[in-house]
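Here the structure is laid out as structure tokens; the discussion comes afterwards.
The values are calculated or read from the model by the stated rules, or taken from the named source; none is laboratory data. No experiment lies behind these values; they were computed from the predicted model shown. For neighbour counting, all protein chains shown are included, and Cβ atoms are generated from backbone atoms with ideal geometry for every residue, glycine included.
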Amino acid sequence: MIRQGVILAGGMASRLGPLAETTPKPILPIGDRPFLAWLMREMIRFGITDFILLAGHLAERLREAIEPIRRTLPRAVTITVSEEPERAGTGGAVFHARAHLAPHFLLCNGDSLFDCNLARLLGAPPGGLARIVLRAVPDASRYGVVTLDGERVTAFAERPQHGGAGLINAGLYLMSREIVAHLTPRGSLERDVLPALAARGELRGLVAHGYFRDIGIPADLARAATEIPRQLHRKALFLDRDGVINVDHGYVGTRERFVWVPGAQAAIRAATEAGWHVFVVTNQAGIARGFYDEAAVAALHAWMVAALRQAGGNIDDIRFCPYHPEAPIAAYRRESDWRKPGPGMILDLIRAWEIDPARALLVGDKESDMAAAASAGIRGLLFPGGDLAAFLAPHLIPPTLTAEC
């Protein structure tokens, strides 16, 4: 799975004037935290835990913001700053970070947020040197436009003189480290590198839809301050695992015994597309009973998440409880409020991801799940079996988009 996110954070922010004279644009305040914290939080949802910040202008101020940002994030992450030796452009910034790059990485602009389903990008099979996320806009006269043949990007064009709908670059890319061979110490990805890749047939495109906001001018920065916190404090779907996501064969701890419940992948994809957080909360007494260990459960969950991303869905985070009061293994023999019907797993996710319990829902197949939901102050739905997607469909209402899509 893709674990590395590379963020272009070295721009001059000249259009913001005094607002960004002493503060890099990506760390300007949006609500109660820097813009970069919101951006990283979104990437963490999709499994990114290793961040490279490509710095230039006011790099030291960016470094000073890292620890305060880290305290706002829902998971532990690594953060590395790669500072360009001179003004290098977007392509040059990636070139100078080449020693830090993973074999495949997510690259994004540090001054815009596109709230789209990144699972469709990160779960896609490798193809060419890069995949670019595109937005369909009703009036492309302000932008350069991109043309597609299937999923292959064929050209980048100038702004259309007479307007009209078109596809534009959303500033999100899945890249192979091999792209470094096509970079130079100074240069622009947008003007120099991507058009050349398209001409050689080495650039793929993915059209996505969702809320978008750039913070490059004062009016858009002001809009972002109210829109982004409202947009990204999401509804949350909590799912039990055995009997809801997979068929409950009893103590399922390996991939070989894992069978998807009908409609489970479609349900999770629908929730992801509708803008919900999706969490898993599962009792795993099989660990306490010695049927498998915690590493096996972690490996199974990693496989499950990867399979869901390939299907276009996402699980933002998982909690499991290995304890049981009658466990044969002494290390796991104890009471725990994480074990349902206790609410501990749910409450921990609510805290980490800043969830409003009134906007959360748990689906489980046992009364203990319903009791855990009630104790956590969220609504519970008892799943009777059958097709999970059909069961959940009436409850998944997409959010109202409040910015250009």
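For every residue, the table says whether it meets (1) of a type outside the set (Ser, Thr, Tyr); (2) in the same structural domain as Arg45 (by TED's automatic domain parsing); (3) touching a residue at least 40 places away in the same chain (Cβ under 8 Å); (4) buried (at least 21 other Cβ atoms within 10 Å of the Cβ).
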| site | (1), (2), (3), (4) |
| --- | --- |
| Gly263 | yes, no, yes, no |
| Gly275 | yes, no, yes, yes |
| Val280 | yes, no, yes, yes |
| Ala285 | yes, no, yes, no |
| Ala288 | yes, no, yes, yes |
| Ala302 | yes, no, yes, no |
| Glu326 | yes, no, no, no |
| Arg333 | yes, no, yes, no |
| Ile355 | yes, no, yes, yes |
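Of Pro394, Pro322, which residue is farther than 19 Å from Gly275 by Cα and either surrounded by fewer than 19 Cβ atoms within 10 Å (Cβ to Cβ) or not charged (D, E, K, R) (or both)? Break it down stepwise before answering.
On the way: Pro394 fails: farther than 19 Å from Gly275 by Cα.
After applying the criteria, what remains is Pro322.
Take segment 229-260 and flag every residue that is in a loop (DSSP other than H, G, I, E, B) and of a type in the set (Lys, Arg). Quick ask: steps written out before the conclusion?
The initial filter retains those residues of segment 229-260 that are in a loop (DSSP other than H, G, I, E, B), namely 233-235, 240-241, 243-245, 247-254, 258-259.
Passing the criteria: Arg234, Lys235, Arg241.
Does Ile66 fit the bill of being in contact with a His (Cβ under 7 Å, 6 or more places away or on another chain), touching a residue at least 12 places away in the same chain (Cβ under 8 Å), more than 22 Å from Pro218 (Cα to Cα) and not in a strand (DSSP E or B)?
Taking the combined requirement at face value, the residue does not satisfy it.
In this structure, does Glu190 turn out to be among the acidic types (Asp, Glu), in contact with a helix residue (DSSP H, G or I) (Cβ under 7 Å, 6 or more places away or on another chain), in the same structural domain as Glu42 (by TED's automatic domain parsing) and at pLDDT below 95?
So Glu190 fits the description; yes.
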